[in-house]
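What follows is calculated from the coordinates using simple rules that are stated; it is not laboratory data. This structure is a prediction, so every number in the text was calculated from the model and none was measured. Positions of Cβ are generated from backbone atoms using ideal geometry, with glycine treated the same way; all protein chains shown enter the neighbour counts.
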Amino acid sequence: MSTHILVLGAGFGGLELASRLSESVPDEARVTLIDRQEAFIFGYSKLDVMFGRRDINDVWHPYRTIDKPGLEFRREEIVSIDARDRRVVTEAASYNPDILVVALGADYNLAATPGLVEDGCEFYSPDGAVRARDLLAAFSGGRVVIAVLGGTFKCPGAPNETALLLSDYLARRGLRADSTIHLVSPLPMPIPISKKTSDAIAAILAEAGIEYWPSARVTRLDPASHVAHLEDGRALPYDLFLGIPVHCAPDVVARSDLVEDGWIPVDSGTFATRFPGVYAVGDVTSAPVPRAGGIAEGEAATLAEVLIAQLKGEDPPPPYDGAASCYVEFGNDRVGRIDVNFLSYDTPVARFNAPTPEGFAEKQQWGATRAARWFGSHR
């Protein structure tokens, strides 16, 4: 009988893992992929929606198009996870797989920042990106604050590209001269592992007239006065507040026996949890790497090799090296790339490739390749 592998979550990690297993061991493994959503969206596509470059209906990749040997997708809401007994219950069924992989990503805790729901706009969810689009379309100029509200968040480059794309957007509408943009982040620099890369990005922000406040965190918004209050006592008035909300593990994960200090601890080389036959990849873990799609994809690729070696009785593969590339859009159809490696050396390293039009095309090809690989789509 084939080994049953249950993968919870069809984001970067779940999709890459399921695809690799289907390609390499379709006869040895039966893979069930579960997600509560009906379609996948790339994170950067939400910025396309936010700035009116694409319609939200055009950036979804339906899971129903997945057609791979040995792989079945099921759209179900997960009710409970018991890692000790490798038992998962959904609203439609219960599962006792031979191998369980949790790749459910991170959720958002909007209530963690008082006033955000009433007077701000998160733009990290698809619905939030649509709301931000509508707010920006009605915006007639003024004070904009873009703030990272928690120390752990998806895609460290995203706040910077959001600020730069906003600057471009306002310029195209003739509103840039009448507007200010503040970028507030608890991180000490744009890319904390590299001062050289961070200095380059900070210089580009300054050149665009964006006021960058590192090592700063907004703790609450005052809807009556439209003022953001910071942890260090400063106050920042705004006409439009765009926030990256505090991240947290999904509730079903937080209620499980997997979590310590809010996230799932794993072996950073193999992504094994402390429970036999249970693994976790991506944003839901506390692995010592950033939360980002490219990182989750690399983790899933390593875990796939770990599981394939087990199924075939082969030697285990090399441990995960923490290497990835992150594309950052800088406006005017220019994209830079940050190549990082977190685990191969004594300290993490990063290399910045300056933004170019060629980088923009490279990023589009990067997304199209994955869409084709996972869904058979080139959108």
_In sequence order, calculated HN-Hα J values of the stretch 103-109 (Karplus, 6.51, -1.76, 1.60; Hz; x Gly/Pro)_ = 9, 8, x, 10, 9, 10, 10
*Starting from the coordinates of the alpha-carbon atoms of the stretch 106-257, obtain the Kirkwood hydrodynamic radius over all distinct pairs and give the value in Å to one decimal.*
15.9 Å
*(1) 138; (2) 148; (3) 169: which one is volume of the Cα convex hull per residue in Å³ as calculated from this entry?*
(1)
*For the chain, find the longest principal axis of its Cα atoms and tell me its angle to the long axis of helix 126-138, 0 to 90°, nearest 10.*
20 degrees
_Restricting the stretch 1-84 to trypsin sites (Lys or Arg not before Pro) in coil, as DSSP defines it, with at most 14 other Cβ within 10 Å_ = Arg53, Arg84
_Run the simple label-point estimate for Ser2 and Thr369 please: 7 Å along Cα→C-beta, distance reported in nm._
2.7 nm
*Would you calculate, for the chain, the mean residue ellipticity at 222 nm contributed by helices, counting each DSSP H stretch of 4 or more residues as -39,500 (n - 2.57) and dividing by all residues, to the nearest 500?*
-9000 deg cm²/dmol
*Sketch the reach of a paramagnetic label on Glu28 as a point 7 Å from Cα along Cα-to-Cβ, and name the residues of the stretch 85-101 whose backbone nitrogen lies under 18 Å away.*
98-101
*Relative contact order (percent) for the stretch 160-228, with alpha-carbon contacts under 8 angstrom and 6 or more residues of separation?*
35 percent
*Once the Cβ-Cβ distance between Val130 and Thr180 is put in as r, and R0 is 22 Å, what FRET efficiency do you end up with, to the nearest 0.05?*
0.35
*asked:* Under the 0.36 nm per residue contour assumption, what length would be gained going from the current alpha-carbon distance of Asp222 and Arg74 to full extension?
replied: 49.0 nm
*For the stretch 242-293 and the stretch 46-69, compute the distance between their C-alpha centroids and round to whole Å.*
25 Å
*GluC sites (Glu not before Pro) within the stretch 91-167: which are DSSP loop residues with at most 16 other Cβ atoms inside 10 Å?*
Glu91
*asked:* Tell me which chymotrypsin sites (Phe, Trp or Tyr not before Pro) from the stretch 298-353 have a DSSP coil assignment and no more than 15 other beta carbons within 10 Å of their own.
replied: Tyr345
